[in-house]
Amino acid sequence: MFGVDEKLESIYKEVTDRNTGETEYLQAVKEVLASLPPVLAKHPEFYEYNIIERLCEPDRQIIFRIVWEDDKGELHINRGFRIQFNNALGPYKGGLRFHSSVYLGIVKFLGFEQIFKNALTGMPIGGAKGGSDFDPHDKSDREIMRFCRRFMTELYRYLGDDIDVPAGDIGVGQREIGYLFGQYKRLTHKFEAGVITGKKLNWGGSQVRTEATGYGLVYFVDEMLRDHKKSFDGMKVTISGSGNVAIYAAEKVTQLGGKVTAMSDSKGVIYDESGINVETVKQIKEIERKRIKEYTKFHETATYYEGGNIWKIKTDIALPCATENELTKKDADTLIKDGVIAVGEGANMPTTPEGIKTFLDAGVLFAPAKAANAGGVATSALEMIQNSRHDVWTFEYTDKRLKEIMVNIYKTCNETSDEFGSPGNLITGANIAGFIRVATAMIDQGVI
C-alpha cells in the first residue's frame with residue numbers, strides 16, 4: 001500500500017484497528033500517508049518522534065448529548081462532537097457541521113484534513129472540527145436557537161480565542177453562529193468576538209467570509225490554469241452543489257470570463273447552456289431556501305433533471321462543491337471522455353481515490369480540497385486577526401489578502417511536489433507541505 005515502507009504499513013494498521021468503521025477518516029489518513037515515503041526518507045526524525053502516530057490520534061475527542069425542545073413542547077435528543085486534533089501551529093480551528101449524516105468518523109475525517117489545510121494557509125491555526133447530527137432544515141428559528149443554546153452549553157468550557165475557535169460549515173450559517181455566540185456570551189459574561197468566526201458584519205464578522213471558500217477555490221484553480229498557459233476565460237464550467245461554496249465559486253468563475261452551465265442539489269441538476277444566473281440561484285437558495293429546480297421558473301433556457309448526474313454534462317472544468325466522495329471513477333471516465341481539462345475540489349474529499357487516480361493518469365489538472373478549499377478557513381483566520389486588533393477591513397483589502405493566500409498555497413504545493421519527485425501532483429505537494437510544517441512544530445515543542 002505504501003511501497004516498501006513497512007513502518008507506514010504498521011502505523012496504518014494500528015490506526016485502522018483503533019478506528020474501526022470510521023470509513024471517511026481512514027480514507028483521509030490513507031491518502032496523506034501514501035504521500036509521505038519520500039519525506040520520511042529525507043527526515044527520519046519524524047519516525048523517531050512518532051509524529052504520524054501522534055497526528056492520527058486527536059488531542060481531545062469531546063462527545064456529548066444535546067436535549068432540546070421543539071415548538072410543540074416535545075423533546076429531542078441529538079449527539080454533539082468537537083474533535084480537537086492538533087494545536088502545534090496555533091489554537092484549534094475548524095467548523096461546526098449540523099447535518100443528519102454527522103457521526104464520529106465524519107468529524108474525525110474533517111478534523112484530520114483541517115490540520116493540513118490550516119497549515120497550508122501559513123496562518124497560526126491548528127486543526128479541529130465539530131458538529132451534530134441535528135438537521136436545521138424545516139426547523140423554526142426558535143427551534144434552531146434552542147438547539148444552539150443547548151449545544152453551546154455543553155461545549156463552551158472547551159473554547160476560547162487562544163484555545164479553540166469554531167466556525168460555520170454545512171448547516172451552520174450566520175444565524176446559527178449568532179445563536180451559538182449569544183449563548184457563549186451569556187455563560188462566560190464576556191464579549192469574546194474572536195472565539196467564533198463567520199459572524200455577521202455588524203458585530204465582528206469579516207468581509208468576504210461568505211464568499212471566501214468559493215472565491216478561494218477559483219483563485220487556486222485560476223493560478224493552476226495560468227501555470228499551464230490556460231484560464232477560465234471562455235471555459236464551460238460545471239459546479240456540483242448550490243450552497244455557499246458553489247454559489248460563490250460560480251460568481252467568481254463568471255467574473256473571470258467562464259460560463260457556468262450546470263449546478264445541482266441533492267434532488268437534481270439544472271442545466272443552462274446560456275450560463276447560470278448566479279443572482280437567481282442566490283435568491284432561491286439563500287433567501288427563499290428552496291430547491292434548485294425553482295431556477296427553471298425564472299429562466300426558460302434552463303432544463304431541470306430530477307435525480308440527474310451533473311458529471312454527465314460536457315464541460316471544460318469541473319468543480320465538485322457538494323459533499324464527500326460524490327465524484328467516482330465512472331464519473332471521472334465520463335468527464336475525461338468529454339474533454340475535461342481541470343478539476344478543482346470545493347467540497348471536502350469530494351472525489352473518490354479511484355476517481356483521483358483516473359484524473360491524474362489522464363493528465364487532467366487536479367486541485368485537491370485541502371489546498372483548493374482553504375479560502376474559508378484562511379478568511380476565518382483573517383477575521384480572528386481583525387477581532388484581536390478591534391479592527392475592520394474593507395471588502396477589497398480582505399479579498400486581496402485571500403487571493404494572495406490562495407496563490408501562495410498553490411505555489412507551495414507545486415514547488416513541494418517538484419522537490420519530492422512528483423512534479424505537478426498537487427495532492428502530494430499539499431500533503432507533504434502541510435505535514436512538514438506541523439511535524440516540525442511538534443518536534444520544536446517537545447513530546448506533549
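Taking every DSSP beta bridge that has both ends in the range 212-372, the antiparallel portion is near 40%.
Can you list, largest first and rounded to whole Å, the semi-axes you get for the range 342-428 by taking the square root of 5 times each eigenvalue of its Cα gyration tensor? Don't jump to the answer; show the numbers that get you there.
Working: eigenvalues 185, 39, 20 Å².
For the range 342-428, the ellipsoid semi-axes come out as 30, 14, 10 Å.
Between VAL165, LEU40, PRO124, whose Cα lies farthest towards the positive end of the dipole of the chain when Lys and Arg beta carbons carry +1 and Asp and Glu beta carbons carry -1, centred on the Cα centre? Checked the options; the winner is VAL165.
Rounded to the nearest whole angstrom, the semi-axes of the ellipsoid equivalent to the range 58-192, taken from the Cα gyration tensor as √(5λ), stand at 25, 16, 12, largest first. Against the empirical 2.2 N^0.38 Å (N residues), the range 215-309 has a Cα radius of gyration ratio of 1.06.
Summed over all non-identical Cα pairs, the Kirkwood treatment of the range 212-372 gives a radius of 15.2 Å.
Only beta bridges with both residues in the chain are counted; by DSSP, about 55 percent of them are antiparallel. Farthest toward the positive end of the dipole of the chain, out of LEU89, SER140, ILE247, is the Cα of SER140, where the dipole comes from beta carbon charges about the Cα centre.
Give the value in nm², to one decimal: projected area of the alpha carbon convex hull of the chain, averaged over all directions. The partial results should precede the final answer.
Working: hull surface 83.5 nm².
Computed as one quarter of the Cα hull surface, the answer is 20.9 nm².
How are the alpha carbon pair distances in the range 25-108 distributed across 10 Å bins from zero to the largest one, expressed in percent? Values per bin, smallest distances first: 13, 35, 28, 14, 6, 3, 0.
Rounded to the nearest 500, what is the 222 nm mean residue ellipticity of the chain from helices alone, with -39500 (n - 2.57) per DSSP H run of 4+ residues and division by all residues? All intermediate terms of the calculation are to be shown ahead of the outcome.
Working: 17 runs with 203 residues, N = 448.
Value at 222 nm, helices only: -14000 deg cm²/dmol.
Using a Gaussian network model of the chain in which every pair of alpha carbons under 10 angstrom is joined by a spring, one finds that among TYR158, TYR271, TYR248 the greatest mean-square fluctuation is at TYR158.
Per the Kirkwood formula applied to alpha carbons, the range 287-352 shows a radius of gyration over Rh ratio, Rg over Rh, of 1.01. Under the convention that each Lys and Arg Cβ holds +1 and each Asp and Glu Cβ holds -1, the size of the dipole of the chain around its Cα centre is about 900 debye.
DSSP assigns beta bridges within the range 58-192; of those with both partners inside it, close to 65 percent run antiparallel. By other beta-carbon atoms within 10 Å, ranking VAL15, VAL253 with the fewest at the front produces VAL15, VAL253. Ranked by how many other Cβ atoms sit within 10 Å of their own Cβ, fewest first, the residues PHE85, PHE181 fall in the order PHE181, PHE85. Enter the Cα centre distance for the pair the range 312-379 and the range 242-306, rounded to the nearest angstrom. Each part's Cα centre sits 19 Å from the other's.
Placing one equal scatterer on every Cα of the range 6-55 and applying the Debye formula, the log10 ratio I(q)/I(0) at q = 0.21, 0.26 Å⁻¹ is -0.74, -1.06. Sorting the segments 23-35, 370-382, 272-284 by their mean number of nearby beta carbons within 10 angstrom, highest to lowest, gives 370-382, 23-35, 272-284.
So how do THR328, THR351 line up by other beta-carbon neighbours within 10 Å, fewest first? Present the calculation step by step, with values, prior to reporting the outcome.
Values: THR328 16, THR351 27.
Ascending Cβ contact count within 10 Å gives the list THR328, THR351.
Laboratory data are not the source of any read-out in this text; all were calculated from the coordinates shown. These numbers were taken from a predicted model, which means no experiment stands behind them. All Cβ positions, even for glycine, are placed from backbone atoms using ideal geometry, and neighbour counts span all protein chains on display.
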